[in-house]
Amino acid sequence: MDPSRLKIVVFGSFHAGKSTFIQAIDHGSRHVDAECADGTTTIALDFGKAEIDGRLVHLYGTPGQERFEFVRQIISNGMDGAILMVDCSCGIDEFTRHLYQQLMDSGVPLSVMLNKCDLTGACPALVRQELDGAVTYEISARDHGSSREALERFVGTIEKNR
Ligand SMILES: Nc1nc2c(ncn2[C@@H]2O[C@H](COP(=O)(O)OP(=O)(O)OP(=O)(O)O)[C@@H](O)[C@H]2O)c(=O)[nH]1
Ligand SMILES: [Mg+2]
């Protein structure tokens, strides 16, 4: 593994905010998506870059639709850290629980982004309670500041573990 580069992969259910998060971190990020009923949906991947504490972070976003499991498997290969994006305005669904368990079992450094905290119906405390023990950050992926700060803090924990 190149010690100066970190590969972080973003997982989460359909429309949790994975692509928005990567766009907030890197305005020049690239997205392979398709039109859907309420905007776009990722059908391949997102890719963005950031420099954090002198290290190059490569961020890969995965598709949230369950049928793209094979894409998630390919993108996951060799990841140094994983982010699970959760839409706190609608709580935890079965697929999010499944992803959480899968990522916990993999042993890769993991953080949970409690997203959409700008919405009045958001309830990050409930999600945190359900994912007892998870490293969590409250963000709005539409906001560069909260997204960047959460990513920096997560990258800091990966460095300590390495
Ligand atoms: N209010 C609010 N809306 C958000 C936030 N993050 C994402 N959204 C909106 O939620 C919708 C889905 O966001 P995406 O970033 O496309 O979600 P995704 O997880 O990449 O979705 P898939 O690729 O389809 O799995 C879009 O309309 C976003 O603008 C947020 O923090 N706050
Ligand atoms: Mg997406």
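The values are calculated or read from the model by the stated rules, or taken from the named source; none is laboratory data. For clarity, every value in this text was computed on a predicted model and none was experimentally measured. Neighbour counts are summed over all protein chains in view; Cβ atoms, including those assigned to glycine, are modelled from backbone coordinates with ideal geometry.
For the reader, a short list of remarks on this structure follows.
- Restricting attention to segment 21-41, the residues being under 14 Å from the mean Cα position of the chain (by Cα) and β-branched (Val, Ile, Thr) number 2.
- Filtered residues of segment 1-29 (kept if charged (D, E, K, R), more than 7 Å from ligand 1 (Cβ to nearest atom) and either at pLDDT 95 or above or closer than 13 Å to THR62 by Cβ (or both)): LYS7, ASP26
- Test result for ALA44, surrounded by fewer than 18 Cβ atoms within 10 Å (Cβ to Cβ), among the hydrophobic types (A, V, I, L, M, F, W, C) and more than 13 Å from the chain's Cα centre (by Cα): yes
- LYS116 farther than 12 Å from GLY12 by Cα, within 16 Å of ligand 2 (Cβ to nearest atom) and surrounded by 14 or more Cβ atoms within 10 Å (Cβ to Cβ): yes
- GLY39, sole failed condition from (1) crowded, with 21+ Cβ neighbours inside 10 Å; (2) near ligand 1 (Cβ under 10 Å from one of its atoms): (1)
- Any hit, segment 70-87, residues being under 14 Å from the mean Cα position of the chain (by Cα), at positive phi and either away from ligand 2 (no atom under 16 Å from the Cβ) or of a type outside the set (Gly, Ala, Ser) (or both): no
- Once segment 47-68 is narrowed to residues that are within 7 Å of ligand 1 (Cβ to nearest atom) and buried (at least 22 other Cβ atoms within 10 Å of the Cβ), the residue that is nearest to ILE83 (Cα to Cα) is GLY61.
- The set of residues from segment 120-137 being under 13 Å from the mean Cα position of the chain (by Cα) and either in contact (Cβ under 8 Å) with a residue 40 or more places away in the chain or in a loop (DSSP other than H, G, I, E, B) (or both) comprises just one member, VAL135.
- Count of residues meeting criterion [near ligand 2 (Cβ under 10 Å from one of its atoms) and among the hydrophobic types (A, V, I, L, M, F, W, C)] in segment 37-67: 3
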